[in-house]
Amino acid sequence: WFIAIFHLFVGLSVNLSDRFTRMIAATYGATVDWTPQFTYILHPLGAFMVVRGLLAAVAARQPARYPAVVLGFIILFVIRALHRLLYGDMITAAFGISASRNTMNMLLFFAQALLLLVIWRMARRAEHDVAVPVG
């Protein structure tokens, strides 16, 4: 549910409020040149986040029923973590995000992927235990 709420909030904020968008960037520790070009490119990104938030909400209700959605988020978080690892210098140069902050963000993405995997496996196991009669 956290993933759903986060993606919906950020996606809607990016499309509806310049003020919230700037606050989100500050929360990430990013220094941004708010050019019209940069601001516009955030709108399609926000649209993708809204859709991901809706998909996450559907999967949160029945994670075992929507393995493609859950696995998609796991893969997304792993890729986002790898971006932080592989492009850390570029992220620092482009947005002024410190190496320690970047490492923390990378670990958070890996942790989200791992936590989602564990929760999803538990949900699948619980569904299997209910579906198979004992005795």
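The values are calculated or read from the model by the stated rules, or taken from the named source; none is laboratory data. Please read all numbers here as calculations on a predicted model, not as lab measurements. Reconstructed Cβ throughout: ideal geometry from the backbone, glycine too, with neighbour counts over all protein chains shown. Quick note on the areas: whole protein, heavy atoms, side chains included, nothing else; ligands and nucleic acids left out. Shrake-Rupley method; radii C 1.70, N 1.55, O 1.52, S 1.80 Å.
Worth pointing out:
- Restricting the range 73-104 to residues that are polar (S, T, N, Q) and assigned to a helix (DSSP H, G or I), the residue that is least open to solvent (accessible area, probe 1.4 Å): N102
- Under the condition of being in contact (Cβ under 8 Å) with a residue 24 or more places away in the chain and aromatic (F, W, Y), the residues counted in the range 10-50 number 2.
- Count of the range 1-17 residues which are in a helix (DSSP H, G or I) and open to solvent by 30 Å² or more (accessible area, probe 1.4 Å): 8
- Selection from the range 30-53 of residues that are surrounded by 16 or more Cβ atoms within 10 Å (Cβ to Cβ) and either touching a Gly at 6+ places or on another chain (Cβ under 7 Å) or over 23 Å from I74 (Cβ atoms) (or both): V32, L42, G46, M49, V50, G53
- Checking each residue in the range 5-18 for being in contact with a Ser or Thr (Cβ under 9 Å, 6 or more places away or on another chain) and modelled with pLDDT under 90 picks out only D18.
- Residue check, V130 more than 17 Å from A60 (Cβ to Cβ), over 20 Å from the mean Cα position of the chain (by Cα), part of a helix (DSSP H, G or I) and modelled with pLDDT under 90: yes
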